[in-house]
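Asks: My structure is below; once you've seen it, I'll send some questions.
The values are calculated or read from the model by the stated rules, or taken from the named source; none is laboratory data. These numbers were taken from a predicted model, which means no experiment stands behind them. Neighbour counts run over all protein chains shown; Cβ positions are idealised from the backbone, glycine included.
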């Protein structure tokens, strides 16, 4: 593949944008090579400025669960746009999307729209601190909850990709309010509650970790968190920015049958436009301004174009068989990758939950961030480069999940698995 135009655009971008990108992982720093500049997308495929075509398993990092340029989503956005792009006032569309979210998630009685997943987690934490009168938050190593100061401690996603422990500019006093524990380790959480007795406002968790690769919760882990939070007077917050409407209708909480106090949503609920939300129990959400004293606001919150895109996306996902189709595609992909790795004698493990999947160049099981970091980075880099050269677009980091969409078909999966056979042969040569 040629990437001449992308290379020139990156040189141009670096003159005016830090690193040439507006989110660090897009720069391909951990995998090398030229980051393709994307010109358009259609269905499960994207096309770069050099005319190269790729089967896409990034899907804008999760939102495009019904595919790129979905005709019905585009139609809904065009209709909304014709009426105006933003009003800074209530619209019927935001009520309709809020009703759809509350209908799907039994734990959410009320929901507030925001513009990003970072805003959602930041606001949920403020609410938890406000209603409990406590300051400390417990999060899990390798889980990424946006670039909120206190949550960059022990973060995954791009922070892990860049190999940095946190970020300069985060005050030590803020970081000190964040307690860390290994994912899937209930004993560590119980120890934290003992050590910080009466000080933990909330436990914040990705119910399926998707920012240190894809790591499902072990049986009993989420239910155990629910019990510990209830016993200790702390709130349980599910960060379902990635998993919400991705692993099941109603998210991971419905899939695993565990009810959090607060839920953060994003990605899919915006249908590819900037939108997110946080919601939960009626008594908790009653503390949000203007009903209560916990303040949160946003100029573009509930933007009508994003509401239209999100609402149409959810309408398609609510159709019978949608989630069965997503789960079957991610299962076939994960199992197929494992089979082709085994053919080449490559240590490898793959997982899938609903419409998301992940893999590690590690024999497994991978149950937490420490395990994920033991995966063979060099083999991932070689595998990624080979797949990209064959027209398969995966996340350019071993610490990110992958996503299938309703637009992926058997021929796309077949093409992917055929490319993987060659890519594993290449990866096997890395020692």
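Asks: Looking at 309, 277, 334, 342 in this structure, which one is in a helix (DSSP H, G or I) and in contact with a helix residue (DSSP H, G or I) (Cβ under 7 Å, 6 or more places away or on another chain)? Let's see the steps before the verdict.
Replies: Details: 277 fails: in a helix (DSSP H, G or I); 334 fails: in contact with a helix residue (DSSP H, G or I) (Cβ under 7 Å, 6 or more places away or on another chain); 342 fails: in contact with a helix residue (DSSP H, G or I) (Cβ under 7 Å, 6 or more places away or on another chain).
Of the residues listed, the single one that is in a helix (DSSP H, G or I) and in contact with a helix residue (DSSP H, G or I) (Cβ under 7 Å, 6 or more places away or on another chain) is 309.
Asks: May I ask you to verify whether residue 351 is in a strand (DSSP E or B) and within 30 Å of residue 425 (Cβ to Cβ)? Explain how you work it out, then say what you get.
Replies: Numbers: in a strand (DSSP E or B): yes; within 30 Å of residue 425 (Cβ to Cβ): yes.
Yes: the conditions hold for residue 351.
Asks: Let me ask something else about it. When only residues in region 233-282 that are surrounded by fewer than 24 Cβ atoms within 10 Å (Cβ to Cβ) and in contact with a strand residue (DSSP E or B) (Cβ under 7 Å, 6 or more places away or on another chain) count, which is farthest from residue 65 (Cα to Cα)?
Replies: Taking region 233-282 first, the residues surrounded by fewer than 24 Cβ atoms within 10 Å (Cβ to Cβ) are 233, 248-250, 254-259, 261, 273-274, 281-282.
Applying the additional criterion that residues be in contact with a strand residue (DSSP E or B) (Cβ under 7 Å, 6 or more places away or on another chain) yields 254-255, 261, 282.
Numbers: 254: 18, 255: 17, 261: 26, 282: 29 Å.
The selected residue is 282.
Here's the yes/no breakdown for (1) in a strand (DSSP E or B); (2) over 30 Å from residue 362 (Cβ atoms); (3) touching a residue at least 24 places away in the same chain (Cβ under 8 Å):
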position	(1), (2), (3)
198	no, yes, yes
222	no, no, yes
227	no, yes, no
252	no, no, yes
283	no, yes, no
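Asks: I've got another one for you. Tell me whether region 1-12 contains one or more residues that are under 30 Å from residue 316 (Cβ atoms), in a loop (DSSP other than H, G, I, E, B) and in contact with a helix residue (DSSP H, G or I) (Cβ under 8 Å, 6 or more places away or on another chain). So that I can check it myself, show each step before the final result.
Replies: Residues of region 1-12 under 30 Å from residue 316 (Cβ atoms): none.
Checking region 1-12: not a single residue is under 30 Å from residue 316 (Cβ atoms), in a loop (DSSP other than H, G, I, E, B) and in contact with a helix residue (DSSP H, G or I) (Cβ under 8 Å, 6 or more places away or on another chain).
Asks: Any chance region 312-325 includes a residue that's assigned to a loop (DSSP other than H, G, I, E, B), closer than 13 Å to residue 246 by Cα and modelled with pLDDT of 95 or more?
Replies: Residues of region 312-325 that are assigned to a loop (DSSP other than H, G, I, E, B), as a first pass: 318-321.
Pick out the ones that are also closer than 13 Å to residue 246 by Cα and you get 318.
Narrowing further to those that are modelled with pLDDT of 95 or more: 318.
Scanning region 312-325 turns up at least one residue that is assigned to a loop (DSSP other than H, G, I, E, B), closer than 13 Å to residue 246 by Cα and modelled with pLDDT of 95 or more.
Asks: Does residue 292 satisfy being modelled with pLDDT of 95 or more, part of a loop (DSSP other than H, G, I, E, B), under 30 Å from residue 123 (Cβ atoms) and in contact with a helix residue (DSSP H, G or I) (Cβ under 6 Å, 6 or more places away or on another chain)?
Replies: On the way: modelled with pLDDT of 95 or more: yes; part of a loop (DSSP other than H, G, I, E, B): yes; under 30 Å from residue 123 (Cβ atoms): yes; in contact with a helix residue (DSSP H, G or I) (Cβ under 6 Å, 6 or more places away or on another chain): no.
Criteria not met by residue 292.
Asks: Is there a residue being surrounded by fewer than 22 Cβ atoms within 10 Å (Cβ to Cβ) and assigned to a helix (DSSP H, G or I) anywhere in region 133-148?
Replies: Taking every residue of region 133-148 in turn, none turns out to be surrounded by fewer than 22 Cβ atoms within 10 Å (Cβ to Cβ) and assigned to a helix (DSSP H, G or I).
Asks: Residues to consider are 336, 358; find the one that is modelled with pLDDT of 95 or more and more than 13 Å from residue 215 (Cα to Cα). Break it down into steps so the answer makes sense when it comes.
Replies: Numbers: 358 fails: more than 13 Å from residue 215 (Cα to Cα).
Testing whether each residue is modelled with pLDDT of 95 or more and more than 13 Å from residue 215 (Cα to Cα) leaves just 336.
Asks: Further, regarding this structure: Is at least one residue of region 409-417 in contact (Cβ under 8 Å) with a residue 40 or more places away in the chain and not in a helix (DSSP H, G or I)? Reasoning before the result, please.
Replies: Of all residues in region 409-417, those in contact (Cβ under 8 Å) with a residue 40 or more places away in the chain come to 409, 412-413, 415-417.
With the extra rule that they be not in a helix (DSSP H, G or I), the set shrinks to 409.
Within region 409-417, one or more residues are in contact (Cβ under 8 Å) with a residue 40 or more places away in the chain and not in a helix (DSSP H, G or I).
Asks: Of 49, 77, 95, which residue is at pLDDT 95 or above, in contact with a helix residue (DSSP H, G or I) (Cβ under 7 Å, 6 or more places away or on another chain) and in the same structural domain as residue 285 (by TED's automatic domain parsing)? Write out each step before concluding.
Replies: Values: 49 fails: in the same structural domain as residue 285 (by TED's automatic domain parsing); 95 fails: in contact with a helix residue (DSSP H, G or I) (Cβ under 7 Å, 6 or more places away or on another chain).
Exactly one of 49, 77, 95 is at pLDDT 95 or above, in contact with a helix residue (DSSP H, G or I) (Cβ under 7 Å, 6 or more places away or on another chain) and in the same structural domain as residue 285 (by TED's automatic domain parsing), namely 77.
Asks: Evaluate the following for residue 86: is it surrounded by 13 or more Cβ atoms within 10 Å (Cβ to Cβ), over 23 Å from the mean Cα position of the chain (by Cα) and either part of a loop (DSSP other than H, G, I, E, B) or touching a residue at least 40 places away in the same chain (Cβ under 8 Å) (or both)? Before you say what the answer is, go through the steps one by one.
Replies: Details: surrounded by 13 or more Cβ atoms within 10 Å (Cβ to Cβ): yes; over 23 Å from the mean Cα position of the chain (by Cα): yes; either part of a loop (DSSP other than H, G, I, E, B) or touching a residue at least 40 places away in the same chain (Cβ under 8 Å) (or both): yes.
When the stated conditions are applied, residue 86 passes them.
Asks: Being surrounded by 21 or more Cβ atoms within 10 Å (Cβ to Cβ), in the same structural domain as residue 373 (by TED's automatic domain parsing), within 19 Å of residue 208 (Cβ to Cβ) and modelled with pLDDT of 95 or more: is that true of residue 349 here?
Replies: Numbers: surrounded by 21 or more Cβ atoms within 10 Å (Cβ to Cβ): no; in the same structural domain as residue 373 (by TED's automatic domain parsing): yes; within 19 Å of residue 208 (Cβ to Cβ): yes; modelled with pLDDT of 95 or more: yes.
Criteria not met by residue 349.
Asks: Consider residue 258 carefully, then state whether it is touching a helix residue (DSSP H, G or I) at 6+ places or on another chain (Cβ under 6 Å) and not in a loop (DSSP other than H, G, I, E, B). Quick ask: steps written out before the conclusion?
Replies: On the way: touching a helix residue (DSSP H, G or I) at 6+ places or on another chain (Cβ under 6 Å): yes; not in a loop (DSSP other than H, G, I, E, B): no.
Judged against the criteria, residue 258 is not a match.
Asks: Any idea how many residues of region 1-32 are touching a residue at least 40 places away in the same chain (Cβ under 8 Å), closer than 14 Å to residue 396 by Cα and either outside the structural domain of residue 381 (by TED's automatic domain parsing) or surrounded by 14 or more Cβ atoms within 10 Å (Cβ to Cβ) (or both)? Write out each step before concluding.
Replies: First, the residues of region 1-32 that are touching a residue at least 40 places away in the same chain (Cβ under 8 Å): 1-6, 9, 23-26, 28-32.
Applying the additional criterion that residues be closer than 14 Å to residue 396 by Cα yields 23-26, 28-32.
Keeping just the survivors that are either outside the structural domain of residue 381 (by TED's automatic domain parsing) or surrounded by 14 or more Cβ atoms within 10 Å (Cβ to Cβ) (or both) gives 24-26, 28-31.
Total satisfying the criteria: 7.
Asks: I'm checking my understanding of the structure. Among residues of region 354-399 that are in a loop (DSSP other than H, G, I, E, B) and closer than 24 Å to residue 66 by Cβ, which one is farthest from the chain's Cα centre (by Cα)? Steps first, answer last, please.
Replies: Let us first name the residues in region 354-399 that are in a loop (DSSP other than H, G, I, E, B), namely 354-355, 361-368, 374-376, 390-391, 394-399.
Next, only the ones that are closer than 24 Å to residue 66 by Cβ stay: 354-355, 391, 394-396.
Details: 354: 13, 355: 12, 391: 23, 394: 14, 395: 12, 396: 14 Å.
It comes out as 391.
Asks: May I pose another question? Going through region 58-69 one residue at a time, which ones are surrounded by fewer than 24 Cβ atoms within 10 Å (Cβ to Cβ) and on the phi < 0 side of the Ramachandran plot?
Replies: Within region 58-69, the first condition is being surrounded by fewer than 24 Cβ atoms within 10 Å (Cβ to Cβ), and the residues that meet it are 58, 60-61, 67-69.
Correct list: 58, 68.
Asks: How about region 371-394: which of its residues are surrounded by fewer than 18 Cβ atoms within 10 Å (Cβ to Cβ) and in contact with a strand residue (DSSP E or B) (Cβ under 6 Å, 6 or more places away or on another chain)?
Replies: Once the filter is applied, which keeps residues that are surrounded by fewer than 18 Cβ atoms within 10 Å (Cβ to Cβ) and in contact with a strand residue (DSSP E or B) (Cβ under 6 Å, 6 or more places away or on another chain), region 371-394 yields only 391.
Asks: Another question, then. Surrounded by 14 or more Cβ atoms within 10 Å (Cβ to Cβ), without any contact (Cβ under 8 Å) to a residue 40 or more places away in the chain and more than 18 Å from residue 387 (Cβ to Cβ), is that true of residue 43? Before the answer, list the steps.
Replies: Working: surrounded by 14 or more Cβ atoms within 10 Å (Cβ to Cβ): yes; without any contact (Cβ under 8 Å) to a residue 40 or more places away in the chain: no; more than 18 Å from residue 387 (Cβ to Cβ): yes.
Against the criterion (surrounded by 14 or more Cβ atoms within 10 Å (Cβ to Cβ), without any contact (Cβ under 8 Å) to a residue 40 or more places away in the chain and more than 18 Å from residue 387 (Cβ to Cβ)), residue 43 does not qualify.
Asks: If you check 402, 355, which single one turns out to be buried (at least 23 other Cβ atoms within 10 Å of the Cβ) and either closer than 19 Å to residue 26 by Cβ or without any contact (Cβ under 8 Å) to a residue 12 or more places away in the chain (or both)?
Replies: Details: 355 fails: either closer than 19 Å to residue 26 by Cβ or without any contact (Cβ under 8 Å) to a residue 12 or more places away in the chain (or both).
Answer to the check: 402.
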